[in-house]
Amino acid sequence: MERVIKVYDNAFAEYGKDKPEVIAFSADLSGGCEVREFWEKYPDRFYSMGIAEQNMHSFAGGMALEGFVPFVHTFAVFIYRRSLDMVHLSIAHPNVKVRLVGSVPGVTSPAGATHQALDDIAVMRAVPNMTVLECGDATDVESFFQLQEQINGPVYIRVLRGEVPRLFNTPMELNKSRMLSDGEDVVILSSGVCTEEAMRAVDSIKKAGISVHHRHITCLKPFEDQEVLEAIKKAKYGIITMENHNVLGGLGSIVADMMAEHGVGKKLFKVGIQDEYMHGGSKLYLMKRYGLDAMALVKKVNEVVGRDLGITEDMLEAFHFELENDATRALGV
């Protein structure tokens, strides 16, 4: 399976080539958020705002009112925590075309609770006018740039950096998921880095006699995908959501809302961060420690179908992608 290095860096620089209205902002994290190539190629359209996200958001909102399309870059946790008031009043309330690009959300940050966005989807989907997206592979990252052109208001997106797998050969679409496996016993809905883990487990689950309908979710708001709803209605045992986020307010809650609104009486099971803070560590370590990896999904499927499928770690597909020194390399510039 292909690995892509600095996919956001390269794709953003290419996208901005013939678009003078596209400008980039960085909160002193041009390297950490992979925006250096844009900076080097178009220095007159790059703004280093320092460690001052509140000011950066307000500045971006003002530039958008003047006809520019700002792409705002920082770690996901800093997009929305202390600067949420400016997200609302400078960006969402005037409904301007600002793209809030959040790097290293959740388990993809090795730096512990201060740098791990665990509730950003819950917060940002409650912001009026905000579209919320999440990347699961290199194709998602690359195709975001064309997708966002369809959206006249603000966008928040969780992106991937460093060494990223290419899992898909079709672009992300607004309000539309990708079907990765078809079946009716169990429905698995995964997002972000959890999709790779789900893919590692699905073949073994199917070999154990359980048919699996697996979909990769990129668009978290709006969320009106009729194909997801139809799959949920057919589930024999239940639905499992799998996400790099608190189980409260993220994909699991989004799916629960859809099921309740449409009167779908099925069991819903959530794989995610269990309403707690995480400590620091590599992505693979944190996914295992906090129950977001392929084996965690297998255990949840055992629970859903009411029996042990006999699947062990060595039976799972082994296609992890992570730089060996990712947990220890510098976070910043």
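The values are calculated or read from the model by the stated rules, or taken from the named source; none is laboratory data. Note that the coordinates shown come from a computational prediction; the quantities given were computed from them, not determined experimentally. Positions of Cβ are generated from backbone atoms using ideal geometry, with glycine treated the same way; all protein chains shown enter the neighbour counts.
The residues of segment 179-202 that are crowded, with 21+ Cβ neighbours inside 10 Å and either assigned by TED's automatic domain parsing to the domain that holds residue 140 or among the small types (Gly, Ala, Ser) (or both), listed by number, are 190, 191, 192, 198, 201.
Kindly indicate whether residue 205 is part of a helix (DSSP H, G or I) and in the same structural domain as residue 294 (by TED's automatic domain parsing). Yes, satisfied. Against the numbered list (1) among the hydroxyl-bearing types (Ser, Thr, Tyr); (2) in contact with an Asp or Glu (Cβ under 7 Å, 6 or more places away or on another chain); (3) more than 27 Å from residue 285 (Cβ to Cβ), residue 74 comes up short only at (3). Here segment 169-186 is the region considered, the condition is being among the hydrophobic types (A, V, I, L, M, F, W, C) and closer than 17 Å to residue 220 by Cβ, and the residue that is farthest from the chain's Cα centre (by Cα) is 174. In the set 91, 121, only one residue is closer than 30 Å to residue 288 by Cβ, touching a helix residue (DSSP H, G or I) at 6+ places or on another chain (Cβ under 8 Å), at pLDDT 95 or above and crowded, with 22+ Cβ neighbours inside 10 Å; that residue is 121. Taking the criterion of being in contact with a helix residue (DSSP H, G or I) (Cβ under 7 Å, 6 or more places away or on another chain) and under 12 Å from residue 118 (Cβ atoms), the residues of segment 230-272 that qualify are 243, 244, 245, 246, 248, 249, 250, 272.
If I filter segment 152-167 for residues that are in a helix (DSSP H, G or I) and at negative phi, do I get at least one hit? For segment 152-167, residues in a helix (DSSP H, G or I) and at negative phi: absent.
Does residue 204 meet the test of being small (Gly, Ala, Ser) and under 18 Å from the mean Cα position of the chain (by Cα)? Considered against the rule, which asks whether it is small (Gly, Ala, Ser) and under 18 Å from the mean Cα position of the chain (by Cα), residue 204 comes out as no.
Within the group 163, 142, which residue is at pLDDT 95 or above and either under 29 Å from residue 75 (Cα atoms) or within 13 Å of the chain's Cα centre (by Cα) (or both)? It would help to see each step written out before you state the result.
Numbers: 163 fails: at pLDDT 95 or above.
Step by step, each of 163, 142 is checked, and only 142 is at pLDDT 95 or above and either under 29 Å from residue 75 (Cα atoms) or within 13 Å of the chain's Cα centre (by Cα) (or both).
Looking at the structure I just gave you, is residue 179 within 25 Å of residue 292 (Cα to Cα), of a type outside the set (Gly, Ala, Ser) and not in a loop (DSSP other than H, G, I, E, B)? Taking the combined requirement at face value, the residue satisfies it.
Scanning segment 41-56 for residues that are surrounded by fewer than 17 Cβ atoms within 10 Å (Cβ to Cβ) and among the charged types (D, E, K, R) yields 41, 44. Across segment 220-277, which residue is nearest to residue 183 (Cα to Cα) among those that are of a type in the set (Gly, Ala, Ser) and assigned to a strand (DSSP E or B)? Out of the qualifying residues, it is 238. The sole residue among 232, 210, 273 that is under 28 Å from residue 317 (Cα atoms), touching a His at 6+ places or on another chain (Cβ under 7 Å) and surrounded by 16 or more Cβ atoms within 10 Å (Cβ to Cβ) is 273.
Of the candidates 238, 263, the single residue that is closer than 14 Å to residue 185 by Cβ and either touching a Phe, Trp or Tyr at 6+ places or on another chain (Cβ under 7 Å) or surrounded by fewer than 17 Cβ atoms within 10 Å (Cβ to Cβ) (or both) is 238. Can you find even one residue in segment 147-156 that is surrounded by 23 or more Cβ atoms within 10 Å (Cβ to Cβ), in contact with a strand residue (DSSP E or B) (Cβ under 7 Å, 6 or more places away or on another chain), over 29 Å from residue 55 (Cα atoms) and not assigned by TED's automatic domain parsing to the domain that holds residue 224? No, because not a single residue in segment 147-156 is surrounded by 23 or more Cβ atoms within 10 Å (Cβ to Cβ), in contact with a strand residue (DSSP E or B) (Cβ under 7 Å, 6 or more places away or on another chain), over 29 Å from residue 55 (Cα atoms) and not assigned by TED's automatic domain parsing to the domain that holds residue 224.
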